[in-house]
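The structure appears below as structure tokens.
What follows draws every value from the coordinates through simple rules; no lab data is involved. As the structure is a prediction and not an experimental result, all values here were calculated from the model. Every residue, glycine as well, gets a Cβ built from its backbone with ideal geometry; the counts of neighbours run over all protein chains shown.
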Amino acid sequence: MEENREMRQVYCDCLIELARKNKNIVIFEADLMKSSGTARFFKEFPDRAFDVGVAEANMMTIAAGMSTYGKIPFCTTFAPFATRRAYDQVFISIGYSKRNVKIVGTDPGISAELNGGTHMPFEDVGIMRNIPGMVVVEPTDANMLEKIMPQIAEHEGPVYVRMFRKKTPKIYQDTEEFDLFKAKEIKKGKDCAIICSGIMVSKAIEAEKALRQKGYDVGILNIATIKPIDKEAIIECAKYTNAIVTAENHNIINGLGSAVAEVLCENYPTPMIRIGVKDEFGEVGKMDYLEQRYQMSASHIEEAVEELIKAKK
């Protein structure tokens, strides 16, 4: 399942390809071109790439202004700076003004690793899904990112992309197709469904394999676009299993788990457990340590599924 391409490499490749076809594609950086992987775009399109320095709030307002002239700006920076730091500018200049700006926040959740708690966004999905009209998407692997980038560029309106920067486990084959606004069922199962996003998809697959050996039939639904969420897919999972576990690299408050719970409460109340960060700040550490620290490993998903299935019986 190892993916040979880093997500940031694929991101830049896609931007360059899109820019070759559409002269309105421009990018903005906050002096993080190396981290974001966009340095090659600067070389190929120097007149369409702008480094605003360490000034994310300014970057959002400039991008919003440029979008009024028909440009399609992609603004890239670390996820906490794209959301927490620049929130008012994103809310007013981009969201309220209905500007066609794409915001890419890198190193979400525990993937910030050694940058530590200040750089570890456990709340960015919650922040961005509060903005009316904002699309919030978290690509699962390089193949998905490559396929949905043209759809993101073509969508008229603001989009927040929560992007893991480095290599991810390969979940999807090169031939797989995606609809930006539809969930992707990886496996159907009758005992329980794991609804997951981002780096937690590979953890869910690992947990499902262990549960299968114990005789359980567990489904996996990958929700990449958290807003607007695919309500029909969630309700179908709930009706088929009557037990839902959500898994996200984010605070369980106002993230994927909350979004799924909102759908279920209003449409098909179902027992569920949310796996993710439980109302805590981040801290320094490598991902394997942080998975255990915040109870986000495959074994934690496995335990939650077993708990629900036993309670159901």
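Miscellaneous remarks
- When both bridge partners sit in the chain, DSSP labels roughly 15% of those beta bridges antiparallel.
- In terms of its C-alpha gyration tensor, the stretch 7-163 has a rounded overall shape, because the principal axis ratio a/c (a ≥ b ≥ c, square roots of the eigenvalues) stays below 1.5.
- Annotation for the stretch 194-229: trypsin sites (Lys or Arg not before Pro) lying in DSSP loop with at most 13 further Cβ atoms inside 10 Å of their Cβ are 214.
- Helix 231-241 axis, angle to the chain major axis (alpha carbon atoms, nearest 10°): 20
- Of all stretches in the chain that contain no GluC sites (Glu not before Pro) in a DSSP loop with at most 10 other Cβ atoms within 10 Å, the longest one is 1-155.
- Using Cβ point charges alone (K and R +1, D and E -1), the dipole size of the stretch 217-304 about the Cα centre works out to roughly 120 debye.
- Positive-end extreme of charge dipole, the chain - chosen from 245, 271, 42 (charges on Cβ): 42
- Of all the options 222, 58, 251, the one that moves most in a Gaussian network model of the chain with Cα springs shorter than 10 angstrom is 58.
- Residue order for 77, 61, fewest other beta carbons within 10 angstrom first, comes to 61, 77.
- Principal-axis tilt of helix 7-21 within the chain, Cα atoms, nearest 10 degrees: 50
- Most positive-pole-ward Cα, 254, 117, 284, against dipole of the chain from beta carbon charges: 254
- A Cβ-based charge dipole, computed about the Cα centre of the chain with Lys and Arg at +1 and Asp and Glu at -1, lands at about 320 debye.
- Helix content alone sets the calculated 222 nm mean residue ellipticity of the chain: runs of n ≥ 4 DSSP H residues at -39500 (n - 2.57) each, divided across all residues, give -11000 deg cm²/dmol.
- Quotient of the Cα radius of gyration of the chain and 2.2 N^0.38 Å, N being its number of residues: 0.97.
- Each other residue within a Cβ distance under 13 Å of residue 181 adds +1 if Lys or Arg and -1 if Asp or Glu, for a net charge of 0.
- Rounded to the nearest 20 debye, dipole of the stretch 93-186 from Cβ charges on Lys, Arg, Asp, Glu: 240
- Summing Lys and Arg as +1 and Asp and Glu as -1 over all other residues whose Cβ lies under 9 Å from the Cβ of residue 162 gives a net charge of -2.
- Taking all Cα pairs closer than 8 Å and separated by 6 or more residues, the relative contact order of the stretch 31-122 comes to 26 percent.
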